[in-house]
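Below you'll find the structure, written out as structure tokens, and then a few comments.
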Amino acid sequence: MSETILKATNISKVYGKHKALDKVSVEIKRGMIYGLIGENGAGKSSFMRVIMGLISIDEGQIELFGESGATGLQRARRKMGQSIETPALYPELTARENLRVQAANGGVSEREIDDLLRLMNLENTGKKKAKNFSLGMRQRLAIASALITHPEFLILDEPTNGLDPSGIVEMREIIGRLVTERGMTVLLSSHLLDELSQVATHYGILHHGKLISEFSREELADQTRQYIELETPEVQAAVVVLNELGIRDYEVVSERGINIYERLDDAAAINRSLVLADVDVTRIGATRQKLEDYFLQLTGGTTHA
Amino acid sequence: MLNLLTAENMKSRRSKKLWIVLFILSFFPIFQAANSLMTVHYGTELVQPIDTVINGATGVLMIKKNGLTVLLVLAAFISFYIGEEFQHGTIRNALSLGRSRAQYYATKLAVATGLSLVGTLLLTLLGMISFTFAFGFGEVPGISPYFSYAIKAFITLYLLILANASIYTMIGFLSKNSGISLIWTFLYTVVTGFGAPIFLQTEHFKQVTYWFSESFLFYFDFVKPADIARFPEMVLVSLITVVISSAIGVYRFIRTDIK
């Protein structure tokens, strides 16, 4: 069984009358890319800040790399990197100088700066100050800054926030590379399930400060699987035709409905075979439960996620 | 803490604000020497109790002569220096690496202490040099030996400034915002500087006046034997201010939520 990197148990945080976190429990094991999803104000950033020791908790326990207690957590946090909310950079410094400052903060060598600048496509920024960077460049520099101390566990809060489509793809590739090439464990957040679905291995849905659901990539794929939806008054006859066509992965879901999970591009051919076999087809077509719909179903809400 | 100081050193070297502070503190003594020279040129005689610095020897009192300016310049620098870490979120970079908050606070205080020292040294040395050029080195009326007096006067004046720098550091950490810190540090400077002597009007509370380092800085002569005799009291008040303000600052900062 792989090592537990983070174990948060019943974490609660209250601001006045507002419960930002309500008994949130999360366990992240080594190698996971854990995506925390929730609408704005759901408690994602608060949870990340709690993990990094930036805000105190009113209730609950945190264990990092098997360590707990103030001193233990302080020691464990030296193996972590973070970029929470807006990229935290020194606007008057260049990319290289920002990394040098963070290397000094962490007490590590500056040797990796060139590699990190290359990894984040920032090697040609020269004397340009961080305040003149685009948002995408700032996001990448913030991640480089988090990586300079060789973290084993990386926390990224909405890393694709404000990026254009190509920036989002680039960021996704960078996160993927960090996990495959450096063996990192990552906790990242977004208010878009669709976005995280392309990078995370595990998911947690935060809603009004509560962790309402956790599932793996496989479970998400099952829930949002694409299929051909066939509607017919003659289900029995249709099943015979499907069997004759060699289709095995299907499910009779109602008296008039069959979901077919294979040969998704052959809806027209399947329809033709059914019609030739004198089976009435009311409706046929490829369909999929959208990730957004799935999220809404989970949160039971009216969010835009 | 050495790591944090190294990081502060890198940031400070590239900070325009730091260079502006040092420029102001370098420009003032030269400007004032030239200004005094013009005053004398047009027939007004410089008088030590009023003008404070009248030659190279009295240049050691440049901090006293520019007390309010030094305090306001330091208040502005420290407000931005600490407030911007909160506002840019860069404070998270060091703290999330498991660095202790007390160490982080101490690092900022150390930089404020260092800048105050460099700034006041610059102000004093340039004051002594430029006034020597303008009026000759001369002497401090009634002071002998001069060197021992100059060292004691500078240390005392520096500590009075440091006490305020420590208060500004505390305010910076409590307010977590450059603008708000700027307002509070200015208010503190003005109210305690010009308000503290109100206590002198009452019999029972007049001693309270001398719990504020600015009372000494603004209202003492630093040349009169009676005032020189109170140097140890000034040092004590300054050190107590540094200790109490740092203790409050660290205590509150440890319990602060970082956004």
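Search the range A:93-113 for residues that are touching a residue at least 40 places away in the same chain (Cβ under 8 Å) and in a loop (DSSP other than H, G, I, E, B) and pair each with any residue that is surrounded by 22 or more Cβ atoms within 10 Å (Cβ to Cβ) and not hydroxyl-bearing (Ser, Thr, Tyr) when their beta-carbon atoms are under 8 Å apart and the residues are at least 6 apart or on different chains.
From residues that are touching a residue at least 40 places away in the same chain (Cβ under 8 Å) and in a loop (DSSP other than H, G, I, E, B), the pairs are A:Val108/A:Ile148.
Within the range A:68-85, is even one residue at the interface with another protein chain (Cβ under 9 Å from one of its Cβ atoms) and in a loop (DSSP other than H, G, I, E, B)?
Yes, because at least one residue in the range A:68-85 is at the interface with another protein chain (Cβ under 9 Å from one of its Cβ atoms) and in a loop (DSSP other than H, G, I, E, B).
For A:Ile57, which of the numbered conditions (1) surrounded by 18 or more Cβ atoms within 10 Å (Cβ to Cβ); (2) farther than 17 Å from B:Ile258 by Cα; (3) within 13 Å of another protein chain (Cβ to nearest Cβ) fails to hold?
Of the numbered conditions (1) surrounded by 18 or more Cβ atoms within 10 Å (Cβ to Cβ); (2) farther than 17 Å from B:Ile258 by Cα; (3) within 13 Å of another protein chain (Cβ to nearest Cβ), the odd one out for A:Ile57 is (2).
Can you name the residue in the range B:4-26 that is in contact (Cβ under 8 Å) with a residue 60 or more places away in the chain and within 9 Å of chain A (Cβ to nearest Cβ) and, of all such residues, is surrounded by the fewest Cβ atoms within 10 Å (Cβ to Cβ)?
B:Leu5
Only one residue in A:Ala104, A:Ala142 is within 13 Å of chain B (Cβ to nearest Cβ) and within 23 Å of A:Phe47 (Cα to Cα). Which one?
A:Ala142
Working only within the range B:90-106, note down all residues that are of a type outside the set (Gly, Ala, Ser) and more than 10 Å from every other protein chain (Cβ to nearest Cβ).
Across the range B:90-106, the qualifying residues are B:Gln103, B:Tyr105.
Looking only at the range A:146-172, which residues are over 17 Å from the mean Cα position of the chain (by Cα) and surrounded by fewer than 18 Cβ atoms within 10 Å (Cβ to Cβ)?
A:His150, A:Glu152, A:Asp164, A:Ser166 - these are the residues of the range A:146-172 that are over 17 Å from the mean Cα position of the chain (by Cα) and surrounded by fewer than 18 Cβ atoms within 10 Å (Cβ to Cβ).
Which ranges mark the helices (runs of 4 or more DSSP H) fully within the range B:202-259 that have 1 or more residues being among the hydroxyl-bearing types (Ser, Thr, Tyr) and either within 14 Å of chain A (Cβ to nearest Cβ) or within 20 Å of the chain's Cα centre (by Cα) (or both)?
Ranges flagged: B:213-219, B:231-254.
Restricting the first residue to the range B:177-196 and requiring it to be surrounded by 14 or more Cβ atoms within 10 Å (Cβ to Cβ), which pairs with a second residue that is outside any helix (DSSP H, G or I) meet a Cβ separation below 6 Å and a spacing of at least six or different chains?
B:Thr192/B:Phe212; B:Ala196/B:Phe212
Just for the range A:107-137: of the residues that are modelled with pLDDT under 90 and within 14 Å of another protein chain (Cβ to nearest Cβ), which one is farthest from B:Asn3 (Cα to Cα)?
Top of the filtered list is A:Glu110.
Tell me yes or no: at least one residue of the range B:45-55 is within 21 Å of the chain's Cα centre (by Cα) and among the acidic types (Asp, Glu).
yes
Taking the stated definitions as given, is A:Ala88 within 13 Å of chain B (Cβ to nearest Cβ) and outside any loop (DSSP other than H, G, I, E, B)?
Judged against the criteria, A:Ala88 is not a match.
Among B:Leu18, B:Leu74, B:Leu95, which is out of contact with any Gly (no Cβ under 6 Å at 6 or more places or on another chain) and modelled with pLDDT of 95 or more?
Answer to the selection: B:Leu74.
Restricting to the range A:258-277, and then to whatever is crowded, with 16+ Cβ neighbours inside 10 Å and of a type in the set (Val, Ile, Thr), can you tell me which residue is farthest from A:Tyr227 (Cα to Cα)?
Out of the qualifying residues, it is A:Ile270.
Kindly check whether there is at least one residue in the range B:133-143 that is away from chain A (no Cβ under 14 Å), in contact (Cβ under 8 Å) with a residue 12 or more places away in the chain and under 15 Å from the mean Cα position of the chain (by Cα).
There is no residue in the range B:133-143 that is away from chain A (no Cβ under 14 Å), in contact (Cβ under 8 Å) with a residue 12 or more places away in the chain and under 15 Å from the mean Cα position of the chain (by Cα).
Go through B:Ile228, B:Ile244, B:Ile254 for me and flag whichever is in contact with a Lys or Arg (Cβ under 6 Å, 6 or more places away or on another chain) and either of a type outside the set (Asp, Glu) or on the phi > 0 side of the Ramachandran plot (or both).
Going through B:Ile228, B:Ile244, B:Ile254 in turn, just one is in contact with a Lys or Arg (Cβ under 6 Å, 6 or more places away or on another chain) and either of a type outside the set (Asp, Glu) or on the phi > 0 side of the Ramachandran plot (or both): B:Ile254.
The values are calculated or read from the model by the stated rules, or taken from the named source; none is laboratory data. Treat the numbers as computed from the prediction; the structure is a model and nothing was measured. Virtual Cβ from ideal backbone geometry, glycine too; neighbours counted across all protein chains shown.
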